[in-house]
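Peer 1: Below are the structure tokens for one structure; questions will follow.
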Amino acid sequence: MLALLPRLRRFAHALARSPSDADDLCQTAVERALTARAQWQPGTRLDSWMYRIMRNAWIDTARARSRAAQTFVAEEVGLTVGDAGDRAIEAAVELDQVMRAMARLPDEQREAVALVLVEGLAYKEAAAVLEIPMGTLTSRLVRGREALMRQLGEAA
Amino acid sequence: MTIDPETLMAYADGELDPVAAKRVERAIAADPALAEQVAAHRRLRTRIAGSFAPIAEAPVPERLVTLLSKPDNVVPLRPRARPRFDLRWGAAIAASLAIGILIGPMLKPAAPVRVGPTGLVASGDLARALDTQLAATQGDAPIRVIVSFRDSSGAICRTFAGRATSGIACWEEDGWALRRTVSGAGEARTDYRQAGSSDPALMAMAQDMMAGAPLDAAQERAAHDRGWR
């Protein structure tokens, strides 16, 4: 039940700059999807449709938002840092680090990375969600990945 | 031979066709630096995917779940010339968003679905039709069972056609779990796909799910008598 929500939340976290922004974004996207439900074509992929709605919602909100640095609170993600032991803490720290690196990417690279690396979409599917040609997707993706490798200390 | 960064990345992601992949493999064999770049792409992919994975595994915050179960709080009803829609609608759509299907826009006040622990489950008239009707003897019922069969797990599944919703439901512990739904035939609408035994998309889906042949009339009655188990 509610099978898509966890993936939508993950995608929202990959786009947004903080966990609380991510859940706001998720809420906005679900609301929009409910309002626009008649536009979904049965037989097409609901997840792609939802990704597209969320991505558009993110563009609408993120670009209006100030770029002031936000405090990242990994607990908000649902990782109970307090008593969950070292592994959970490590996971929270790792997520925080990756989210910070993602947040530094230009939007067009971040959305490509979010769809392909985080959500695991094929290039073709990601290009369809973003409504861009494959070549545009791959060039944004490769630049985004190179930047992430530099920031996260992965030699390219 | 030079391999551009996009192609190398696509190779690392398994996105190249076999011919192009072979070409990259030859280049990699000749140049350890390329091999290292491929490895770096894969490490990054694993790391990014892994670091976001806990989010998809974490419980969804209550407010998002609430949003889907109580859409009347959040769905703005625009004052334009649209009939006020039944709120059950929103609930049904919310549920279908969650499981990847969409119930037709003709849901009647007696909603034919409810949300079970693992997805949509037939209720009301639909559940009754699935429980009681036999494909051979149902006459002119509003919801018609088209064909019954067993899926690969051995569960009894039934393809049904109604005005609001047509689909395929399979018997589970909790009732008739809706595996597939499509918009039904509708009442006053002519632009809708005709539901019924000839709905080709639905029958193709049934065909895919089916293990062996559909149940004949005697087998269907026997399954009915066993409580569809």
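Peer 1: Answer with yes or no whether A:ARG9 is at the interface with another protein chain (Cβ under 9 Å from one of its Cβ atoms) and in contact with a Cys (Cβ under 8 Å, 6 or more places away or on another chain).
Peer 2: yes
Peer 1: Every residue in the stretch B:48-63 that is surrounded by 14 or more Cβ atoms within 10 Å (Cβ to Cβ) and either over 14 Å from A:LEU117 (Cα atoms) or within 7 Å of another protein chain (Cβ to nearest Cβ) (or both), please.
Peer 2: Within the stretch B:48-63, B:ILE48, B:ALA49, B:SER51, B:PHE52, B:PRO54, B:ILE55, B:ALA56, B:ALA58, B:VAL60, B:PRO61 meet the criteria.
Peer 1: Identify the single condition in (1) assigned to a helix (DSSP H, G or I); (2) surrounded by fewer than 23 Cβ atoms within 10 Å (Cβ to Cβ); (3) small (Gly, Ala, Ser) that A:ALA14 does not satisfy, given that it satisfies every other one.
Peer 2: Going through (1) assigned to a helix (DSSP H, G or I); (2) surrounded by fewer than 23 Cβ atoms within 10 Å (Cβ to Cβ); (3) small (Gly, Ala, Ser) one by one, A:ALA14 breaks only (2).
Peer 1: While we're on this one: If we scan the stretch B:66-78, do we find a residue that is facing another protein chain (nearest Cβ under 7 Å), at pLDDT 60 or above and out of contact with any Asp or Glu (no Cβ under 6 Å at 6 or more places or on another chain)?
Peer 2: yes
Peer 1: Follow-up question, since we're still on this one. Confirm whether B:ALA12 is over 20 Å from A:GLU119 (Cα atoms) and more than 9 Å from every other protein chain (Cβ to nearest Cβ).
Peer 2: Considered against the rule, which asks whether it is over 20 Å from A:GLU119 (Cα atoms) and more than 9 Å from every other protein chain (Cβ to nearest Cβ), B:ALA12 comes out as no.
Peer 1: Please specify each residue of the stretch A:126-156 satisfying the condition of being touching a residue at least 40 places away in the same chain (Cβ under 8 Å), within 15 Å of the chain's Cα centre (by Cα) and more than 8 Å from chain B (Cβ to nearest Cβ).
Peer 2: A:VAL129, A:LEU130
Peer 1: Kindly list, by first and then second residue, each pair from a residue in the stretch A:96-122 that is facing chain B (nearest Cβ under 9 Å) and closer than 15 Å to B:PRO54 by Cβ to a residue that is of a type in the set (Ser, Thr, Tyr) and buried (at least 18 other Cβ atoms within 10 Å of the Cβ), limited to pairs with Cβ atoms under 6 Å and residues at least 6 apart or on different chains.
Peer 2: A:VAL98/B:SER51
The values are calculated or read from the model by the stated rules, or taken from the named source; none is laboratory data. Because the structure is predicted, anything quoted here is derived from the model rather than measured. Using ideal geometry, Cβ is built from the backbone for each residue, glycine included, and neighbour counts are taken over all protein chains shown.
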